[in-house]
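The values are calculated or read from the model by the stated rules, or taken from the named source; none is laboratory data. Just so we're clear, the structure is a prediction, and the values are computed from it rather than from any experiment. Cβ coordinates were reconstructed from backbone atoms using ideal geometry, including for glycine residues, and neighbour counts include every protein chain displayed.
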Amino acid sequence: MAQKTLATIGLIVLVTAIFVSWGTNHWIQTRTFNPVDMPVSLEHGPIRTREFGINLRETYWMSIQIDDSADDHYDDGRCSSKNLGGNHWRVFRIHSGSERELWARRDDSNDFYWLNAFDGVPGRYEVEWDVPVGAGCLKARHPRFSVSTSSRAYLEFDSLIEYPCLFLGGTGVMLLLRSFIPWLLSIFVPKQELRIFPELVLRNLIDRRRHLATPPIRDLSNFGIVWGSILYVLMFIFATATPVRSHGLFVGLKQPRSAAAQPSPWPETTSVYIGPLQFYVNGKPIERNELRVKLAEALSKQMVWTVYLEAHPDCTFGEAVYAMDTIQGIGAKVVWITPKTREALTGGVSPKK
């Protein structure tokens, strides 16, 4: 491959890796995982946060964080974090024009550290939290009110993107080095030419003409040959692996045989004759849409459901298929008397309807 092509591919791969890595990190850094972290006073009264924005569809937890103390482990009336119980809070969503909408609320929560959570969607919010009576003694422990959500899944996604970007960046650097090494060698390492008479000065007696490089040698392989072979293999696989399903009416072809006439145990038979513009069942003319009803009525009086079908040479093929489908649809067997069979049986005499 030409050195210029290697350098172009390496530069594209390197720039793509840098852009994807930088874009992913920038997107994660601009997400609001901790929109509120502010010091508060635990004097009795409502705590109202400033207006804050959320740009994720996540569950945001609200909490009061205080310094650790040994008083939290005793139940003898000391000032502990249990005094934060029994709180009331409300979350308002701010619309355009400073209109406030009550988004979520919670009354009489029994959770001491994690007050509760609300499902946030991108927008502007405010939180009002009522400090319970008896929590004022905790203000010496540097209380802070925070609204946050977990960033673990996003950080894992960022690290998952970094590995492919690192691989692509390394590949781009190697391609760039591969394209620059021959050029650097030609500059710093002079090429020794073998000459019979090194003292003679070379002179060009014939103009040197550089011909264009052969495309198959200079560029990638021929597109038609490479991808055409792949398409031929896929066509062969699908042509051989796809099952062939037959459609249509089942037809049994039998050669006429001469046999001794045997008396039939069923003297009455059912026949259908298709004329150019008329259907006949047992010699009686009927309408086309009455064929199913008349056949069911005639076959209900017989033990063997066999219908002899014959068609006039001038009728359409669609009429014959319709008759076969109707006969088989009611569960009867079709015996088709073709014109040649009729000619062999009657000696060329046309049947009577």
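Quick look at the values:
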{"item": "Test for ARG152: is it touching a strand residue (DSSP E or B) at 6+ places or on another chain (Cβ under 6 Å), basic (Lys, Arg) and surrounded by fewer than 19 Cβ atoms within 10 Å (Cβ to Cβ)", "result": "no"}
{"item": "Test: residue in the range 106-123 that is at pLDDT below 80, of a type in the set (Lys, Arg) and assigned to a strand (DSSP E or B)", "result": "yes"}
{"item": "Qualifying position, being surrounded by 11 or more Cβ atoms within 10 Å (Cβ to Cβ) and modelled with pLDDT under 90, among ILE54, ILE66, ILE94", "result": "ILE66"}
{"item": "Yes/no for LEU177 being farther than 26 Å from ILE9 by Cα and either at pLDDT below 70 or in the same structural domain as THR5 (by TED's automatic domain parsing) (or both)", "result": "no"}
{"item": "Failed condition for ARG195, given (1) surrounded by fewer than 16 Cβ atoms within 10 Å (Cβ to Cβ); (2) part of a helix (DSSP H, G or I); (3) not aliphatic (A, V, I, L, M)", "result": "(2)"}
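Every residue, every condition in (1) of a type in the set (Ser, Thr, Tyr); (2) at pLDDT below 65, yes or no:
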position	(1), (2)
LEU249	no, yes
THR269	yes, no
LEU277	no, no
ASN282	no, no
GLU297	no, no
